[in-house]
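Every read-out reported here was derived from the displayed coordinates using simple, explicitly stated rules and does not represent laboratory data. It should be emphasised that the depicted structure is a prediction, and the values quoted were computed from it without experimental measurement. For neighbour counting, all protein chains shown are included, and Cβ atoms are generated from backbone atoms with ideal geometry for every residue, glycine included.
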Amino acid sequence: STTSIGEGAFAECHSLKSVSLGKGLTHIFGGAFYSCTSLTEIVIPANVKMINDAIRATWTGYNYYGVFDSCTSLEKVIIGDADTDIDLTTIGSDAFQFCTSLTEVYIGNAVGTIGGYAFDGCTSLSTIQYAGDADGWNAISKGTNWDLNTGAYIVLYN
């Protein structure tokens, strides 16, 4: 069973439309799905603990890329499901940067950190569904410009 997806593993796979991530997965490293421009939805298993920070990619002249950075067709991100405790504690820097079609994100209440620029440039973002309450949302450590240039989103609480 695969426990991690390495840096740049599927980077620039422009025809990749869907991905099924196994339940044994615990870490997704920087740039793993960078610029998968046909990917429309991703379901991240509940036991993933970390969507790592952006990496400095050697394959592109040392630019920085987040895990799902520039997946311009990505519309929805689901982390776990409503009936499962979610292990994810960290959404790394630049994780969903420039996902211009992203409208909806579900974030579990175990998340304690959202990295800088994590949702930067997600101009269509309209809903963040948070599994906890307003106090829990406000307690999350949010990095610099984590929501820079996003749509006019609302946060819904469970």
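General observations
- Summed residue charge, Cβ within 11 Å of Y34's Cβ, Lys/Arg positive, Asp/Glu negative: -4
- Other residues within the sphere of radius under 11 Å centred on the Cβ of V77, judged by their own Cβ, net out at -2 (K and R +1, D and E -1).
- Residues F29, F68, sorted so that the one with the fewest Cβ neighbours within 10 Å comes first: F29, F68
- M50 sits among other residues whose Cβ lies under 15 Å from its own Cβ, and their net charge, with Lys and Arg +1 and Asp and Glu -1, is -3.
- Which of Y153, Y65 has the fewest Cβ neighbours within 10 Å, and the rest in rising order: Y153, Y65
- For the chain, with +1 on Lys and Arg beta carbons and -1 on Asp and Glu, the positive-most of T113, S35, L156 along the dipole: S35
- Relative contact order (percent, whole number), the chain, Cα cutoff 8 Å, 6+ residue spacing: 17
- Two-site FRET efficiency, T40 against D135, from Cβ-Cβ distance with R₀ of 30 Å, rounded to 0.05: 0.35
- Potential extension, V19-N149 segment - 0.36 nm per residue separation minus Cα distance: 44.1 nm
- Amide H contacts of I79 (H built 1.01 Å from N, in plane; Pro and chain starts excluded): I44, Y106 sit under 5 Å, all sequence-distant by 5 or more or on other chains.
- In the chain, the sites counted are trypsin sites (Lys or Arg not before Pro) in DSSP loop states with at most 16 other Cβ atoms within 10 Å, and the longest stretch holding none of them, exclusive of the sites, is 50-158.
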